[in-house]
Amino acid sequence: MEQLEFFTVPSPCVGVCSVDDKGYCQGCMRKREERFTWLTMTPTQQLHVIKLCRQRYLRKIKQQRVENIPSNLDDNPQQDLF
């Protein structure tokens, strides 16, 4: 049974509408289907999509941090401290 929502769920769109290599919008992290069907979704479905977008964003940020780690740790002078 779906809970009644008293307020509309605002669209996560931020106006940056370009797609990354995985097919997610770079602005809001929604898939194409999620963007096109947003207005026909129930509030519960919309909240679920927002949760998925948040998870995708955090994964993307984590991946970017991993890619920025130096590949040769021997060049790191801080390594001697550990």
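The values are calculated or read from the model by the stated rules, or taken from the named source; none is laboratory data. Owing to the predicted nature of the structure, the values given are computational and were not obtained by experimental measurement. All Cβ positions, even for glycine, are placed from backbone atoms using ideal geometry, and neighbour counts span all protein chains on display.
Residues in segment 12-35 that are more than 16 Å from residue 54 (Cα to Cα) and small (Gly, Ala, Ser): 15, 18. Of all residues in segment 28-43, those satisfying the criterion of being surrounded by 12 or more Cβ atoms within 10 Å (Cβ to Cβ) and in a helix (DSSP H, G or I) are 34, 35, 38, 43. For residue 7, the conditions (1) modelled with pLDDT under 90; (2) part of a helix (DSSP H, G or I) all hold with the exception of (2). When segment 5-21 is filtered for residues that are more than 13 Å from residue 46 (Cβ to Cβ) and exposed (fewer than 10 other Cβ atoms within 10 Å of the Cβ), the ones remaining, listed by number, are 6, 15, 16, 18, 21. Does residue 59 meet the test of being touching a strand residue (DSSP E or B) at 6+ places or on another chain (Cβ under 8 Å) and part of a helix (DSSP H, G or I)? Here the answer is no, as residue 59 does not meet what is asked.
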